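Student: Pasting a structure below so you can have a look.
The values are calculated or read from the model by the stated rules, or taken from the named source; none is laboratory data. Here the structure is a predicted model, which means the values were calculated and not measured. Cβ placement follows ideal geometry from the backbone for every residue including glycine, while neighbour counts extend to all protein chains displayed. Note: accessible area is taken over every heavy atom of the protein model, side chains too, but ligands, DNA and RNA are not part of it. Shrake-Rupley method; radii C 1.70, N 1.55, O 1.52, S 1.80 Å.
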Amino acid sequence: MTEKIKITDYFSAHINGEHRTALTAILNDVITACKKIAIAIDSGALEGTMHNLSSENVQGEVQKALDVITNEIFIESAQTSGYVVGMASEEMEEIIQLDEDISPNGQYLLLFDPLDGSSNVNVNISVGTIFSILKSPGAMPVLADFLQPGSQQICAGYALYGTSTMLVLTIGNGVHGFTLDNELGEFYLTHANMQVPADTQEFAINMSNYRFWQAPIQRYIDECLQGEEGDREKDFNMRWVASMVAEIHRILVRGGVFMYPMDSKIKKQGGKLRLLYEANPMSFIMEQAGGLSTTGHMRILELVPSALHQRVPVIMGSKHEVERIATYHGKTKR
Ligand code: AHM
Ligand code: MG
């Protein structure tokens with residue numbers, strides 16, 4: 001049997017360049033956070049932390065106790081490296097600035113969704129953590145410093161708390177997946193250089209929103225549903241976990257297309273998924289794995305954010321399907 005590669009050994013061998021020391025240290029903190037979050041989720045039912053709280057987050061969504069707990073775990077864990085000078089989270093209205101004593105080398109921003117898909121947590125379905133790392137333009141970051149296009153990300157990743165706990169990330173040299181050995185408490189490389197197949201016959205979308213979608217998405221899904229008898233001349237399969245992390249992971253492993261498109265119900269808020277800590281990191285990962293990611297009209301990684309909790313329509317996955325959906329958008333009025 002070949003020797004297993006520990007995530008930290010993998011970093012030593014593969015992270016090079018100006019960010020090497022900082023990134024290694026920050027990722028060590030992220031690893032710690034994700035291990036602690038995995039334990040918190042695992043024991044949620046026993047600890048009585050699966051319930052809804054009476055509070056709402058900044059987006060007006062009901063918070064679960066675990067949303068708050070995992071947010072605290074992430075914030076606390078990310079203060080060890082000394083390189084993170086600012087943080088932003090789905091669960092916090094404002095950014096956090098870290099003082100010089102906590103962050104003596106601080107030059108980086110860490111953005112995250114500590115518990116994505118949290119509506120699934122009390123029904124024992126996979127959830128995840130998503131994170132993105134940016135360089136901070138200033139020593140004491142302000143909100144504007146976080147509003148960088150996704151193409152500026154230095155690193156992005158997610159943890160998936162599924163049938164096994166995995167950490168999947170990119171530092172701009174492909175996408176690599178590590179699986180947690182629960183007995184040893186270590187992540188080991190199990191999915192080197194993940195590649196999204198360019199073609200697929202599987203799509204992921206919340207079909208209950210069909211009547212609210214715009215014409216290009218209705219057309220694409222109609223054609224998929226017509227299967228062999230329609231223009232596509234092949235049958236499609238559908239999956240919807242309602243956990244973006246689980247959905248994107250499946251697509252990285254076996255192909256597919258994931259959509260949370262614009263619809264008339266969510267038009268006012270700009271979409272469903274958040275740009276800075278959901279769409280951007282997942283788009284970076286998707287592109288690094290050979291897939292594509294678009295709003296339908298433009299590449300997500302090129303969007304210039306205007307607000308911390310900005311939302312966007314998201315279409316990402318297997319290259320040829322995403323190209324087709326973008327073409328359909330091009331043919332209709334915006
Ligand atoms: P969350 O960050 O509040 O959990 O919301 C994001 C999640 C995604 O993981 C998932 O794709 C989507 O919301 C599911 O939405 P819906 O319940 O409308 O199908
Ligand atoms: Mg989320």
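Student: Applying the selection to region 117-131, what residues are open to solvent by 10 Å² or more (accessible area, probe 1.4 Å) and under 18 Å from Ala279 (Cβ atoms)?
Tutor: Gly117, Ser118, listed by residue number.
Student: Here are the criteria: (1) of a type in the set (D, E, K, R); (2) open to solvent by 60 Å² or more (accessible area, probe 1.4 Å); (3) farther than 17 Å from Leu23 by Cα; (4) away from ligand 1 (no atom under 13 Å from the Cβ). Tell me which single one Lys135 does not satisfy.
Tutor: (3)
Student: On to the next question. Within the group Glu76, Glu94, which residue is open to solvent by 40 Å² or more (accessible area, probe 1.4 Å), farther than 27 Å from Gly48 by Cβ and more than 16 Å from ligand 1 (Cβ to nearest atom)?
Tutor: So the residue among Glu76, Glu94 that is open to solvent by 40 Å² or more (accessible area, probe 1.4 Å), farther than 27 Å from Gly48 by Cβ and more than 16 Å from ligand 1 (Cβ to nearest atom) is Glu94.
Student: Could you figure out which of (1) in contact with a helix residue (DSSP H, G or I) (Cβ under 9 Å, 6 or more places away or on another chain); (2) within 16 Å of ligand 2 (Cβ to nearest atom); (3) open to solvent by 10 Å² or more (accessible area, probe 1.4 Å); (4) within 25 Å of Ala156 (Cα to Cα) isn't true of Ile266?
Tutor: All conditions pass for Ile266, except number (4).
Student: When you go through Val142, Val175 one by one, which is the residue that is more than 15 Å from Arg274 (Cβ to Cβ) and open to solvent by 30 Å² or more (accessible area, probe 1.4 Å)?
Tutor: Val142
Student: Which members of region 211-233 meet the condition of being among the basic types (Lys, Arg) and open to solvent by 50 Å² or more (accessible area, probe 1.4 Å)?
Tutor: Residues satisfying the conditions are Arg211, Arg219.
Student: Please work out which one of (1) in a loop (DSSP other than H, G, I, E, B); (2) among the small types (Gly, Ala, Ser); (3) open to solvent by less than 40 Å² (accessible area, probe 1.4 Å) is the condition Ser306 fails and give its number.
Tutor: Unmet for Ser306, out of (1) in a loop (DSSP other than H, G, I, E, B); (2) among the small types (Gly, Ala, Ser); (3) open to solvent by less than 40 Å² (accessible area, probe 1.4 Å): (3).
Student: Follow-up. So Ser208 ticks every box in (1) out of contact with any Gly (no Cβ under 8 Å at 6 or more places or on another chain); (2) of a type in the set (Ser, Thr, Tyr); (3) open to solvent by less than 50 Å² (accessible area, probe 1.4 Å) but one. Which box is left unticked?
Tutor: Among (1) out of contact with any Gly (no Cβ under 8 Å at 6 or more places or on another chain); (2) of a type in the set (Ser, Thr, Tyr); (3) open to solvent by less than 50 Å² (accessible area, probe 1.4 Å), the lone unmet condition for Ser208 is (3).
Student: Also: On the given criteria, is Tyr188 away from ligand 1 (no atom under 16 Å from the Cβ), open to solvent by less than 40 Å² (accessible area, probe 1.4 Å) and either farther than 16 Å from Glu321 by Cα or modelled with pLDDT under 95 (or both)?
Tutor: Against the criterion (away from ligand 1 (no atom under 16 Å from the Cβ), open to solvent by less than 40 Å² (accessible area, probe 1.4 Å) and either farther than 16 Å from Glu321 by Cα or modelled with pLDDT under 95 (or both)), Tyr188 qualifies.
Student: State yes or no: is Met87 closer than 17 Å to Tyr158 by Cα and not in a helix (DSSP H, G or I)?
Tutor: Criteria met by Met87.
Student: From Leu292, Leu273, Leu252, grab the single residue that is within 25 Å of Gly162 (Cβ to Cβ) and within 16 Å of ligand 2 (Cβ to nearest atom).
Tutor: Exactly one residue qualifies, and that residue is Leu273.
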